[in-house]
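A short write-up of the structure that comes next.
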Amino acid sequence: MSAHAIDLNAVPAGRDARPGLARLSRVELRKMVDTRSGFWLQLAVLALTILVVVITLIAGHESDFTFRNILANALVPAGILLPVVGILLVSSEWSQRTALVSFALVPERARLITAKVLAGVVLGLIAFVVAAVLAAIGTAIAAKGITTHNVASGKVVKISNSPPLPPRRADWVPVKDKDLRAALDPISATLIRAKDLRSVCDHRVKAFDGQLRADMTLSYVGTAPVSIGGFQGEAVTCSGHFRPVAGYHRNNKSLRYLMTNSDIVVKFAELGKTGIYAPIQASVSTRIGTVSIRARRLEATQ
């Protein structure tokens, strides 16, 4: 009977070296999705996070549409289900019969447990990042631009935009004080006081939306009877010529199209017997197609 000695130095360095903590952590992360239960559980966390954000946007109040509130709601599924993933990470060593292999390769249990903890921390950070991204998207979708005008003596004296307007490029045409004289918000500007139908189209609409100051010069096309909810009678059709005055980029292709190629048609009808005419139908051709708007009801109330 003979015995053979094994020269441990003959094993190439690094080939059978014990795995480092980073490698162990990557292995533990992979174990989280290797099993069907782990994979579907994490998929459920993602799906529920998206669902919570959507429900918040649909059913929530405007005061809930802040990044902080949406993020807090989005983290609820991860806070409930991710601990279950941690439990599975430990218990799967016995259910999947990998404990013998794991402890044979890494005899020091403290290192293996540390790797599991680090894997759980990394998974939690990933879940937080995903929830933050979804919350940011939800906040952007829910964000509503609010513009406030203060008018005195027929002139806009104060403008407030929330959120603030984006930075301007070099081709920006700034709004000056003289541009704001007799300018109204887009809705009020389209309510025209006139002596009769025909003279409605003799006006020039001066509108300011908090950023863009623009004029639309009206021209007479014709009159025709119309019937909509609350109104039945004659309406006048005007064509419009759009011209930006200030608050725009000179190289804006959409505005340039509206100035040179767009067909704008607006139909006005009188609000009761007030002598004020409101738009009841409009069509505007743009670079991507024609936009048409039609009122369902027109009436003057006390």
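Selection within the range 218-254: residues that are within 22 Å of Trp172 (Cβ to Cβ), touching a residue at least 40 places away in the same chain (Cβ under 8 Å) and surrounded by 14 or more Cβ atoms within 10 Å (Cβ to Cβ). The member of this set that is farthest from the chain's Cα centre (by Cα) is Val245.
Restricting Val245, Val266, Val236 to residues that are assigned to a strand (DSSP E or B), closer than 30 Å to Pro166 by Cα and either hydrophobic (A, V, I, L, M, F, W, C) or in contact with a Lys or Arg (Cβ under 9 Å, 6 or more places away or on another chain) (or both) narrows the list to Val245. The C-beta contact set for the range 260-282 (first residue touching a residue at least 60 places away in the same chain (Cβ under 8 Å), second residue part of a strand (DSSP E or B) and among the basic types (Lys, Arg), distance under 9 angstrom, 6+ apart or interchain) comprises Gly275/Arg193; Ile276/Arg193; Tyr277/Arg193; Pro279/Lys267. Filtering the range 183-211 to residues that are of a type in the set (Asp, Glu) and either free of Cβ contacts under 8 Å to residues at least 12 places away in the same chain or in contact with a helix residue (DSSP H, G or I) (Cβ under 7 Å, 6 or more places away or on another chain) (or both) leaves Asp196, Asp209. Residues in the range 103-135 that are part of a helix (DSSP H, G or I) and of a type in the set (D, E, K, R) were compared, and the one that is farthest from Asn69 (Cα to Cα) is Arg109. Among all positions in the range 18-32, there is no residue which is modelled with pLDDT under 75 and in a helix (DSSP H, G or I).
The rows are residues; the columns are (1) outside any helix (DSSP H, G or I); (2) more than 17 Å from the chain's Cα centre (by Cα); (3) closer than 30 Å to Phe103 by Cα; (4) of a type in the set (S, T, N, Q).
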site	(1), (2), (3), (4)
Leu46	no, yes, no, no
Leu51	no, no, no, no
Asn73	no, yes, no, yes
Ile87	no, yes, yes, no
Val90	no, yes, yes, no
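The values are calculated or read from the model by the stated rules, or taken from the named source; none is laboratory data. Predicted model, so just to flag it, every value in this text is computed and none were measured. Note: ideal-geometry Cβ built from the backbone for every residue, glycine included; neighbour counts use all protein chains shown.
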